[in-house]
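To start, the structure under review is shown below, and the notes come after it.
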Amino acid sequence: MPASRAALMSEIAGLLAAAGLESPAREARLLIRQALSLGDADMIVRAELPVEDADAQRLRNLARRRAAGEPLARLTGRREFWSLDFTLSPETLVPRPETETLVEAALAAFPERLRPLRVLDLGTGSGAILAALLSERPNAVGIGVDRSEGAARQARANLAALGLFARAAVMVGDWASALCGRFDLVISNPPYIETADIDGLEVDVRAHDPHMALDGGADGLTAYRAIACHLPALLLPGGRVILELGAGQEADVARLVEAVGLHIDGPARADLGGIARALVTTPA
């Protein structure tokens, strides 16, 4: 006899709990929604309905992959960032809560909600940072750049799905090397993991995030160097550059941007974990 939704919920939650996951019931619920294409109401009022054997097997397969360390966002293909919903692809990072620190820093730097802004997002990935900023600043326009064609394609799709593509463009490029315009805000979450450290990352990152978006070179600073050399030519008067940092990188990245003539606005803005995360700089 086919198992009910409620029975599968209990089974999957138990499997995830045995794997040591922190929120097994919540994740089981999300996996069931994904596998069976259900809404919240269906999960509540039709919990005793039977599930076809093929659907149940697909759900169990998803649960085993999650128990083995594959991120939930990779299994569902979606992730929330700044209360917006983003579709992921294999070429995009899973947007993480600490990156919202960059959005907070940008909004603090340009507090007037209706001010026109020109925004450049280098290494846009899923388009999460650019979309968050455009959603908060209705007179802003932006360009996202990514080295990955697949990531750029996904960013375009996400911006369109959120109703923001009329104010945005996404292009494939090697950081800012092909750009000649000037911007009020240049923002970036570049790859900053030292190459030798990638194999030691948690399995959900090293095995499932694109290495192009993780690998910052031998010292973790390769992308910052590539970006920094273009910054003076990219900024409008009064502009800002906001860069995401890895743990312990504040001093090194500050030296790189100071070397091209930019001024550090103060200590980097910390994320909720207390890590210096968003470095804000201006033209000297």
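Points worth noting:
- Every residue from the stretch 236-282 that is of a type in the set (S, T, N, Q) and more than 20 Å from the chain's Cα centre (by Cα): 281, 282
- Test: residue in the stretch 48-56 that is within 27 Å of residue 162 (Cβ to Cβ) and buried (at least 18 other Cβ atoms within 10 Å of the Cβ): no
- Residues located in the stretch 148-159, provided they are out of contact with any Asp or Glu (no Cβ under 6 Å at 6 or more places or on another chain) and buried (at least 18 other Cβ atoms within 10 Å of the Cβ): 154, 155, 156, 158, 159
- Residue ID - surrounded by the most Cβ atoms within 10 Å (Cβ to Cβ), chosen from residues in the stretch 184-199 that are in contact with a helix residue (DSSP H, G or I) (Cβ under 6 Å, 6 or more places away or on another chain) and assigned to a loop (DSSP other than H, G, I, E, B): 189
- Search result, residues across the stretch 163-183 that are surrounded by fewer than 22 Cβ atoms within 10 Å (Cβ to Cβ) and outside any loop (DSSP other than H, G, I, E, B): 165, 166, 167, 169, 171, 172
- Qualifying residue in the stretch 99-110 (condition: of a type in the set (S, T, N, Q) and in contact with a helix residue (DSSP H, G or I) (Cβ under 7 Å, 6 or more places away or on another chain)): yes
Conditions tested, residue by residue: (1) closer than 26 Å to residue 3 by Cα; (2) at pLDDT 85 or above; (3) touching a helix residue (DSSP H, G or I) at 6+ places or on another chain (Cβ under 9 Å).
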{"residue": "37", "(1), (2), (3)": "yes, no, no"}
{"residue": "64", "(1), (2), (3)": "yes, yes, yes"}
{"residue": "70", "(1), (2), (3)": "yes, yes, yes"}
{"residue": "91", "(1), (2), (3)": "no, yes, yes"}
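- So residue 222, is it crowded, with 21+ Cβ neighbours inside 10 Å, at pLDDT 95 or above and of a type in the set (Ser, Thr, Tyr): no
- Only one of 226, 233, 168 that is in contact with a Gly (Cβ under 6 Å, 6 or more places away or on another chain) and either in contact (Cβ under 8 Å) with a residue 24 or more places away in the chain or polar (S, T, N, Q) (or both): 168
- Matching residues in the stretch 118-136 - criterion: being surrounded by fewer than 24 Cβ atoms within 10 Å (Cβ to Cβ), farther than 24 Å from residue 226 by Cβ and not small (Gly, Ala, Ser): 136
Residues checked against (1) in the same structural domain as residue 274 (by TED's automatic domain parsing); (2) more than 17 Å from residue 131 (Cβ to Cβ); (3) touching a residue at least 40 places away in the same chain (Cβ under 8 Å); (4) surrounded by fewer than 21 Cβ atoms within 10 Å (Cβ to Cβ):
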| residue | (1), (2), (3), (4) |
| --- | --- |
| 61 | no, yes, no, yes |
| 84 | yes, no, yes, yes |
| 87 | yes, no, yes, yes |
| 90 | yes, yes, yes, yes |
| 95 | yes, no, no, no |
| 102 | yes, no, yes, no |
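- If you check 193, 143, 198 for being closer than 23 Å to residue 262 by Cα, of a type outside the set (S, T, N, Q) and either assigned by TED's automatic domain parsing to the domain that holds residue 122 or modelled with pLDDT of 95 or more (or both), only one passes: 143.
- The numbered conditions (1) at pLDDT below 95; (2) farther than 30 Å from residue 270 by Cβ; (3) among the basic types (Lys, Arg) are all true for residue 153 except (1).
- Pairs where the first residue, in the stretch 267-282, is acidic (Asp, Glu) and the second is at pLDDT 95 or above and in a strand (DSSP E or B), C-beta under 7 Å, 6+ apart: 271/277
- Listing of helices (runs of 4 or more DSSP H) fully contained in the stretch 1-111 that carry 1 or more residues being touching a His at 6+ places or on another chain (Cβ under 7 Å) and closer than 25 Å to residue 215 by Cβ: 72-76
The values are calculated or read from the model by the stated rules, or taken from the named source; none is laboratory data. These figures come from a predicted structure and were not determined experimentally. Glycine also receives a Cβ, built like all others from the backbone with ideal geometry; neighbour counts cover every protein chain displayed.
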